[in-house]
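Below is one structure, written out as structure tokens; comments come after it.
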Amino acid sequence: MTSQDGDARRNLPPLALHVPEPKFRPGDAVDFADFEMPVAGAVDRPPTDSASRDMAGHVYAMVRVLDDEGRAIGPWNPGLDPDRLRRMLREMLTVRAFDERLHRAQRQGKTSFYVSSTGEEATAIGAAHALDPDDMCFPSYRQQGLLIARGWPLADMMCQVFSNSGDRMKGRQMPVMYSARAASFFTISGNLATQYPQAVGWAMASAIRGDTRIAAAWCGEGSTAEGDFHSALIFASVYRVPVVLTITNNQWAISSFSGFAGGESTTFAARALGYGIAGLRVDGNDILAVYAATAWASERARAGHGPTLIEQFTYRAEGHSTSDDPSRYRPSEERNLWPLGDPIKRLAQHLTTLGEWDDERHAALEAEVVAEVREAAREAEAQGVLGDGFRHHPMETMFEDVFEEMPKHLQEQRDQMLAEYKASGL
Amino acid sequence: MTSQDGDARRNLPPLALHVPEPKFRPGDAVDFADFEMPVAGAVDRPPTDSASRDMAGHVYAMVRVLDDEGRAIGPWNPGLDPDRLRRMLREMLTVRAFDERLHRAQRQGKTSFYVSSTGEEATAIGAAHALDPDDMCFPSYRQQGLLIARGWPLADMMCQVFSNSGDRMKGRQMPVMYSARAASFFTISGNLATQYPQAVGWAMASAIRGDTRIAAAWCGEGSTAEGDFHSALIFASVYRVPVVLTITNNQWAISSFSGFAGGESTTFAARALGYGIAGLRVDGNDILAVYAATAWASERARAGHGPTLIEQFTYRAEGHSTSDDPSRYRPSEERNLWPLGDPIKRLAQHLTTLGEWDDERHAALEAEVVAEVREAAREAEAQGVLGDGFRHHPMETMFEDVFEEMPKHLQEQRDQMLAEYKASGL
Amino acid sequence: MIQAINSALDVMLGRDPMVVVMGEDVGYFGGVFRATQGLQAKHGRTRVFDTPINECGIVGVAVGMGAYGLRPVPEIQFADYIYPALDQIVSEAVRIRYRSAGEYWIPITIRSPLGGGIFGGQTHSQSPEGVFTHVTGLKTVIPSNPYDAKGLLIAAIEDNDPVLFFEPKRIYNGPFDGHYDRPVTPWSAHPAGEVPDDYYRIPLGKAAVAREGNAFTILAYGTMVHVAIAFCEENGVDAEVIDLRTLVPLDVDTITASVEKTGRCMIVHEATRTGGFGAELSATVQERCFYALEAPIERVTGWDTPYPHGLEWGYFPGPIRLREAAKRLMEA
Amino acid sequence: MIQAINSALDVMLGRDPMVVVMGEDVGYFGGVFRATQGLQAKHGRTRVFDTPINECGIVGVAVGMGAYGLRPVPEIQFADYIYPALDQIVSEAVRIRYRSAGEYWIPITIRSPLGGGIFGGQTHSQSPEGVFTHVTGLKTVIPSNPYDAKGLLIAAIEDNDPVLFFEPKRIYNGPFDGHYDRPVTPWSAHPAGEVPDDYYRIPLGKAAVAREGNAFTILAYGTMVHVAIAFCEENGVDAEVIDLRTLVPLDVDTITASVEKTGRCMIVHEATRTGGFGAELSATVQERCFYALEAPIERVTGWDTPYPHGLEWGYFPGPIRLREAAKRLMEA
Ligand SMILES: Cc1ncc(C[n+]2csc(CCOP(=O)(O)OP(=O)(O)O)c2C)c(N)n1
Ligand SMILES: Cc1ncc(C[n+]2csc(CCOP(=O)(O)OP(=O)(O)O)c2C)c(N)n1
Ligand SMILES: [Mg+2]
Ligand SMILES: [Mg+2]
């Protein structure tokens, strides 16, 4: 084995590589005592035409509206009416019930894979409410909340997860990779962060055409390391694109903590400074803060002041997906000790503080959404689950939509497949 | 033609796309009156273990050592002795003469392509002096100054440019894509910014091995838009890598001004903030500032405090390359009115201020380096120039070094080529 | 050919407000090969514009624009620089119709100059079409003359699927007979150099018989069409030259008709040999014309080396190599 | 097979201080397929570590490490995610020795799981080897069993050129006979499942005759070797199965010897058909064995579609397709 190594100079101290490690590993006692809880209501709300550099503080602080007692305070309080808050609560509960049901369905062998968003429901639901219904969403695989907030039928989503005969995606995509054009929801990719430049491009197109719709995109904090993230931010900055770019920082990327995406050295919102665009850092488990920040960014975009990068600070309560076992790399109790709490409980507490909610109504609502999810699951499962023989789209549909018109070589391949099936007595 | 466009909402003002435009286009009167000249000596020199966030001001300000009278002032003054300054001056003059000679050679048809660094000589020469000779350089195509400062034979570089029989790269690379392992100078790529993550990787390796050598990389401001730039910065930040990353912001990328790389919204040094690493912005035509900033960054790296991103603010005085005609996209007089002047003149003025230089010695030195370059060109051209028949490496050398050992299919192809030549009477 | 491409873009920018043209240096400057010269001045800065130097972003935002309903025509300055965009092409542009079951589609045309013969060295000379012809959902077009270039480019822009439109830069200014030591002849002297000002289309997926003959069939595209024809003419070889024009979808019928007639087949391309598009052509021809073949199919391609700057004419599959291959083909 | 790969990495980390192992989730966690389990604990955090999610960076820094003198073994979590790294592979890793005329070289081994059959959908199932086999300067290895996997991976790590080491994930835990509805048999029941603990090498560029036979030759690699053998056994077909093991450089001699003997050839791979590595194999076989061939070469491959999640067994070239192709081949 040849080495290209030279001789180190002996009179200098040796260099060393820093390899990040999370605070706690399985076996460690979890202790968030030194977590500095950002004060609710303390961050100012700058005008939406502020220069990026003038709001540098906002990338290091954290916008919080709900305080420990569940009161909404400070300049970011969006002052939403109780009906709207109850709708948000209902939608978050629906997402949670939906996730629980499909996680279980995967365990029961009804599909291959599922991704929950447990603990992060506020990031999608809050944003959906702050955007206009026809603003275009470019989500990652963890924004099922957007679809649910936009009223998309649960059974339709479940059919996708089951790759069954009711799956509008015809069994082509892995579970949770929804597409819903009528809800202005872009087809989800399995490749991380590719949606980021696409969202920027869509918003550029909207600006070129003098349209009024803006675009929004989401990716995880781990995915911000991808080159596509940089591509998106450069283009967004150069053309002052009307786009809202959200990083859901749930602190984990499969087994890697956010330090492997640069989180030890600064915040993710701080990336905005490097591109001269607006950046906001938000308590992602505080749905009012999520709403307010997204509304601020969308107002900014609509007024022609360009893009905003929002970091939603949250915590991935479950495993990365059904393929994952988080107890292998982080203590199981971390989830419960996590200081920013649960977004559903926090909104419920707020509504209670307002005198607009109580435990009974909460229990009733929970039961209601669970029943709704159960009903949807029945409807979806009636159309088949993954692997149950021929309850999927016909095999030859596989050749459709590769191109707009099927070219000859694909027609030939389709015909060959059918002929071979026939010859085999299938 | 089908459209996927929806209907714009009529009650909102239409969006518009911002497309950057440089200040001056051919035909415009060039006027830098509103250029805010940064004050020499005004920027503080923070300790080399400062946190990135604590030196945020340094990414927006500009480190300058030489004032308008050519005096070296302020905390960044490296206090170099006159001999060293004269060496730097000589090297800058050599680069300029070298560039002029080879630019001419290309025009005379002796090679296909050439890239000058006129006006930017300080960025490479200043950095080379601040690094240790065995620190590893990952240059772009515009850092010929590094090789010249490290004493590399000019004739050897010219042979590469001529792709002749003396070309150690065996005629394989385009002109100026040097490689000089003995000078710790990495093989230059034609693909922009790829050297950035490579430099980070080399420095990671050095740290893993407990070596003492650091790495340095250069790219143009236009190239910072590439994904590789982001890759490099993420890895550099995560592992606190001992690497000095320089952006030579010469304000142009072929015909595109720096606004198309994000330069309208912030500085290029500001990118550092997004990764939580140290950032410095420097007058790249002030070789003392270049030296001082590179020395600061290398001290920081060696002490284990991680990477630094340095923006060297300069101006590309010539065309992008011999294939370019800058008068098509910018006024020709911009070059002369550019407020930060010429790095060679500024260093000469400084030496003169010190009483260590005068016009006569300058003229003599110029004549000396021109003669040296002429001599080297003679030596190189004696080994052939591009396209002069068989004054290049034998054709069959083309098959070498694709792999360490030539596999059978390449041997067969080589033999086929030789047999076909023979059959054709060649 | 560069004017023909410029004209196609001009025509389409004029006809369809959804068309936008973008890329490094394509705006004010008009592109490093002048393909977009004058278009920004004529059609405006939001229709024709420069981009950051980020090929991933160029294609990535074009995908988003395509999803919106525009017909973006991004340029990659050299085909050698398309690799950073590969993921947005392979995993996104060409997959979106499929994965959304037709809800979204991406009508983009990526233009890029390819090929060598201009002393561009290994990073301005590559012919990477073989990387893309393996990618399903993508159409790949390589024109060989101005007339085709314009008609094919218009068809590509109007196509509702992603199209990769590679332009052989060696023939931007005139056809090339393979003799690098001869003066360049301009397109004006060539019949296909005449290009109507107006709109016209050449359908994707149709090859052309560039020269009729009976001795054997030469399958070629781009620059090599001219090298092949010149070879036949200079050597009095009665070969049939098929100009593929579109690589995917491939016009198999035209190919097989010719090979059935001649019984012998030579495949010529500038790209490296192993795994190049020639391999697919060879496999297809032997599958379809097995019983008609009288000799092994010959592949005349770039060697399996990078494209070397100073030695480029050793790499280029020129007249000598065609002659020797023809000998082997006819003697077999 | 996953243990064999783990063992190869363990052995090489122990033998050579220049070896480092890196990638998304490969450190503490030990990789999403557990290939690097226990290695960080044993060899330390600067030898085995997690990386940012940036495939371009993973390969890019590995290139720099290779230039320094390390032997990095980066992992790309799924072959479907290798495209963002393409430029650093194609334009850098494999070109550096050439462009520097041997001054620098990049001894890296990129590991990545490929192939389908685990309901991974279109972004966890691809077989992109055909994109890479066209790239000169790169070696491409695809093992089909634990014994080979370990010996080939060690040889790859010791190789001074960049090697792409694709691991068919369907056979990580046992061979696969192509019948998705049958229970998985573990490697322990297979002769090649026995893997010595110590260092050994299997040279790159050598194919293996996985099964002898006379009726026709099947060229296969990875998962499809087992599908092919099972097909022969279940149908009493006397075919010879060649396990290529290394795609580039290709063991042409073993291939031609077999086809000269049998006179018929079937090529099997999971990747899409057009422009796949099967095209190169077909072209090579017809060039070298033209006069021995009694029937057109058959390519049995994935269809030219993305790998569909729910319909994956329609895409997979399984027993039905092999049977029908064999019929055509023998009846011709
Ligand atoms: C290009 C690419 N690389 C790697 C993967 C594999 N992968 C899937 S999810 C994931 C982690 C993403 O983490 P993060 O971005 O933080 O999102 P989260 O899952 O936490 O929402 C990885 C590495 C992928 N899907 N695509
Ligand atoms: C990946 C890639 N894309 C595009 C190019 C074509 N190109 C060569 S130099 C250049 C401009 C670079 O500008 P900048 O980074 O500012 O460096 P400068 O030339 O000013 O030193 C471009 C676009 C390339 N070489 N590589
Ligand atoms: Mg995450
Ligand atoms: Mg520049």
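Could you check region C:178-232 and list, in sequence order, the residues that are among the polar types (S, T, N, Q) and free of Cβ contacts under 8 Å to residues at least 24 places away in the same chain? It would help to see each step written out before you state the result.
Of the residues in region C:178-232, the ones among the polar types (S, T, N, Q) are C:185, C:188, C:214, C:217, C:223.
C:T185, C:S188, listed by residue number.
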Considering region D:273-313 alone, what residues qualify as being under 22 Å from the mean Cα position of the chain (by Cα) and surrounded by fewer than 21 Cβ atoms within 10 Å (Cβ to Cβ)? D:W313
For region A:380-426, which residues satisfy the criterion of being among the aliphatic types (A, V, I, L, M) and buried (at least 17 other Cβ atoms within 10 Å of the Cβ)? A:A380, A:V385, A:L386, A:M395, A:M398, A:V402, A:L410, A:M417
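Within region C:237-250, how many residues are closer than 25 Å to C:A156 by Cβ and either at the interface with chain D (Cβ under 8 Å from one of its Cβ atoms) or buried (at least 21 other Cβ atoms within 10 Å of the Cβ) (or both)? Let's see the steps before the verdict.
Just the residues of region C:237-250 that are closer than 25 Å to C:A156 by Cβ, to begin with: C:241-250.
Going one step further and asking which of them are either at the interface with chain D (Cβ under 8 Å from one of its Cβ atoms) or buried (at least 21 other Cβ atoms within 10 Å of the Cβ) (or both), we end up with C:241-248, C:250.
Matching residues across region C:237-250 total 9.
Just wondering, is there one or more residues in region A:178-189 that are of a type outside the set (G, A, S), within 26 Å of C:R45 (Cα to Cα), away from ligand 4 (no atom under 16 Å from the Cβ) and surrounded by 24 or more Cβ atoms within 10 Å (Cβ to Cβ)? Step through it out loud before you land on a result.
Start the filter on region A:178-189 by keeping residues that are of a type outside the set (G, A, S), which leaves A:178, A:181, A:185-188.
From the residues that got through so far, the ones that are within 26 Å of C:R45 (Cα to Cα) too are none.
Within region A:178-189, not a single residue is of a type outside the set (G, A, S), within 26 Å of C:R45 (Cα to Cα), away from ligand 4 (no atom under 16 Å from the Cβ) and surrounded by 24 or more Cβ atoms within 10 Å (Cβ to Cβ).
Residue check: is A:F268 within 14 Å of chain B (Cβ to nearest Cβ) and among the aromatic types (F, W, Y)? Steps first, please.
Numbers: within 14 Å of chain B (Cβ to nearest Cβ): yes; among the aromatic types (F, W, Y): yes.
The answer is yes for A:F268.
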Where a residue in region D:74-85 is closer than 11 Å to D:H124 by Cα and within 16 Å of ligand 3 (Cβ to nearest atom) and its partner, wherever it lies, is part of a strand (DSSP E or B) and of a type in the set (F, W, Y), with Cβ under 7 Å and at least six apart: none
Give the number of residues within region A:342-400 that are closer than 21 Å to A:G166 by Cα and among the charged types (D, E, K, R). 10
Would you check which residues across region A:244-264 are closer than 18 Å to A:L192 by Cβ and either within 14 Å of chain C (Cβ to nearest Cβ) or of a type in the set (A, V, I, L, M, F, W, C) (or both) and list them? A:L245, A:I247, A:W252, A:A253, A:I254, A:F257, A:F260, A:A261
Name the residue, out of A:I254, A:I310, that is within 16 Å of ligand 1 (Cβ to nearest atom), in the same structural domain as A:Y60 (by TED's automatic domain parsing) and in contact with a His (Cβ under 6 Å, 6 or more places away or on another chain). A:I254
Those residues of region C:22-54 that are more than 8 Å from every other protein chain (Cβ to nearest Cβ) and either within 22 Å of D:Q88 (Cα to Cα) or of a type in the set (A, V, I, L, M) (or both) come to a total of 7
I'd like to verify a number: residues in region A:200-224 that are within 7 Å of chain C (Cβ to nearest Cβ) and among the aromatic types (F, W, Y), how many? 1
Scanning region A:187-206 residue by residue, the ones that are within 8 Å of ligand 1 (Cβ to nearest atom) and of a type in the set (S, T, N, Q) total 2
Which condition number in (1) farther than 27 Å from D:R111 by Cα; (2) hydrophobic (A, V, I, L, M, F, W, C); (3) in the same structural domain as D:A149 (by TED's automatic domain parsing) is the one that D:F231 fails? (3)
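Just checking: which of the helices (runs of 4 or more DSSP H) contained wholly in region C:14-112 hold 3 or more residues that are under 23 Å from A:V241 (Cβ atoms) and more than 16 Å from ligand 2 (Cβ to nearest atom)?
Numbers: elements: C:39-43, C:55-68, C:96-99.
So the answer is C:39-43, C:55-68.
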Residue under question is A:L280, and the condition is that it be more than 16 Å from ligand 4 (Cβ to nearest atom), more than 7 Å from chain B (Cβ to nearest Cβ) and more than 22 Å from A:L147 (Cβ to Cβ); does it hold? yes
Restricting the search to region D:88-105, which residues are within 14 Å of chain A (Cβ to nearest Cβ) and over 16 Å from D:V248 (Cβ atoms)? D:Q88, D:I96, D:S100, D:G102, D:E103, D:Y104, D:W105
Do the conditions hold for B:G259, that is, is it in the same structural domain as B:T123 (by TED's automatic domain parsing), more than 13 Å from ligand 2 (Cβ to nearest atom) and surrounded by fewer than 24 Cβ atoms within 10 Å (Cβ to Cβ)? no
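Determine which member of the set C:A85, C:A93 is assigned by TED's automatic domain parsing to the domain that holds C:L39, under 30 Å from A:A183 (Cβ atoms), in contact with a Cys (Cβ under 8 Å, 6 or more places away or on another chain) and buried (at least 24 other Cβ atoms within 10 Å of the Cβ).
Numbers: C:A93 fails: in contact with a Cys (Cβ under 8 Å, 6 or more places away or on another chain).
Result: C:A85 is the single residue among C:A85, C:A93 that is assigned by TED's automatic domain parsing to the domain that holds C:L39, under 30 Å from A:A183 (Cβ atoms), in contact with a Cys (Cβ under 8 Å, 6 or more places away or on another chain) and buried (at least 24 other Cβ atoms within 10 Å of the Cβ).
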Identity of the residue in region C:121-160, outside any helix (DSSP H, G or I) and within 14 Å of chain B (Cβ to nearest Cβ), that ends up surrounded by the most Cβ atoms within 10 Å (Cβ to Cβ): C:S125
Which of (1) among the β-branched types (V, I, T); (2) within 12 Å of ligand 4 (Cβ to nearest atom); (3) touching a residue at least 60 places away in the same chain (Cβ under 8 Å) does B:V200 not meet, given it meets every other one? (2)
Suppose the filter is of a type in the set (G, A, S), within 16 Å of ligand 1 (Cβ to nearest atom), surrounded by fewer than 24 Cβ atoms within 10 Å (Cβ to Cβ) and not assigned by TED's automatic domain parsing to the domain that holds D:G222; does D:S112 pass it? yes
Given (1) at the interface with another protein chain (Cβ under 7 Å from one of its Cβ atoms); (2) away from ligand 1 (no atom under 16 Å from the Cβ), identify the lone condition not met by B:G227. (2)
Output the residue which, of all residues in region B:220-253 that are more than 16 Å from ligand 4 (Cβ to nearest atom), in contact (Cβ under 8 Å) with a residue 24 or more places away in the chain and β-branched (V, I, T), is nearest to B:H129 (Cα to Cα). B:V244
Could you say which residue among C:A326, C:A332 is surrounded by fewer than 24 Cβ atoms within 10 Å (Cβ to Cβ) and either within 14 Å of chain B (Cβ to nearest Cβ) or closer than 16 Å to D:G275 by Cβ (or both)? C:A326
Given the options B:D342, B:D324, name the one that is buried (at least 20 other Cβ atoms within 10 Å of the Cβ) and over 30 Å from B:A205 (Cβ atoms). B:D342
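The values are calculated or read from the model by the stated rules, or taken from the named source; none is laboratory data. Quick caveat: nothing in here was measured; it's all calculated off a predicted structure. All Cβ positions, even for glycine, are placed from backbone atoms using ideal geometry, and neighbour counts span all protein chains on display.
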